[in-house]
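This report refers to the structure that appears directly beneath it.
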Amino acid sequence: MAVSPNGADGDRDRNERGRAQNQRPRDRYGRPMPHGSVGEVERVPDDAEFTVEEGLETAQRLLDGGYAFTAHEVLEAVWKSVPEPERELWRGLAQTAVGVTHAQRGNTVGAARLLRRGADRVAAFGPEAPHGVDANGVADFARALAEDLEAGRARPGDGIDPSGMRLRGR
């Protein structure tokens with residue numbers, strides 16, 4: 001059992017500043033696995049930094065491989081570092097990726113909400129989105145997946161293919 005910095009026993013992992021930070025390995029959908037397990041994905045550290053270019057390339061590679069949760073972590077890292085005018089774009093991209101994650105995990109109601117919320121944020125940037133981001137394409141993908149989930153046409157788990165979410169136009 002971990003001991004929190006204030007001396008109280010607890011079962012939550014904490015970083016050096018005492019903030020809760022889950023250190024358990026994760027499965028391909030980002031769900032925590034028991035301590036000592038071999039994780040299915042490499043963790044993205046909370047303090048990770050990516051340039052916009054690195055973030056887009058890494059997140060797309062992860063989406064193409066079916067790892068929407070880890071792509072979400074990368075997009076979130078970029079979101080934390082970009083200038084204010086772009087933050088809502090990156091927030092929307094991260095929300096769509098985590099929406100896909102919820103769909104993979106079987107939380108279809110939460111997934112549809114996040115997918116639509118992210119789509120609205122991303123779509124607001126339209127065809128003029130910075131860095132070549134295909135805002136309309138991402139929004140279309142997210143809204144279509146939300147509709148498929150609600151209509152029962154999409155199957156959670158491996159039935160959800162995040163590779164269709166193209167961060168940049170082809």
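Near residue 122: Cβ cut-off under 13 Å, other residues only, Lys/Arg at +1 and Asp/Glu at -1. The net charge is +2.
Viscosity 0.890 mPa s, temperature 25 °C: Stokes-Einstein D of region 22-170 from its Kirkwood Cα radius, in µm² per second?
163
Size estimate for region 36-107 follows the Kirkwood approach: the inverse of mean 1/r over distinct Cα pairs works out to 12.4 Å.
In this simple spin-label model, placing a label point 7 Å from the Cα along the Cα-to-Cβ direction at both residue 57 and residue 38 gives a separation of 2.9 nm.
Charges were assigned to the Cβ only: +1 to each Lys and Arg, -1 to each Asp and Glu. The resulting dipole of region 89-158 about its Cα centre is roughly 280 debye. Rg/Rh for region 102-158 to two decimals, with Rh computed the Kirkwood way over all alpha-carbon pairs. So for region 102-158, dividing Rg by the Kirkwood Rh gives 1.04.
At a probe radius of 1.4 angstrom, the accessible area of region 50-122 per residue rounds to 39 square angstrom.
The values are calculated or read from the model by the stated rules, or taken from the named source; none is laboratory data. Please read all numbers here as calculations on a predicted model, not as lab measurements. All Cβ positions, glycine included, derive from the backbone under ideal geometry; neighbour counts span all protein chains shown. These accessible areas exclude ligands, DNA and RNA; they are computed on the full protein's heavy atoms, side chains included. Shrake-Rupley method; radii C 1.70, N 1.55, O 1.52, S 1.80 Å.
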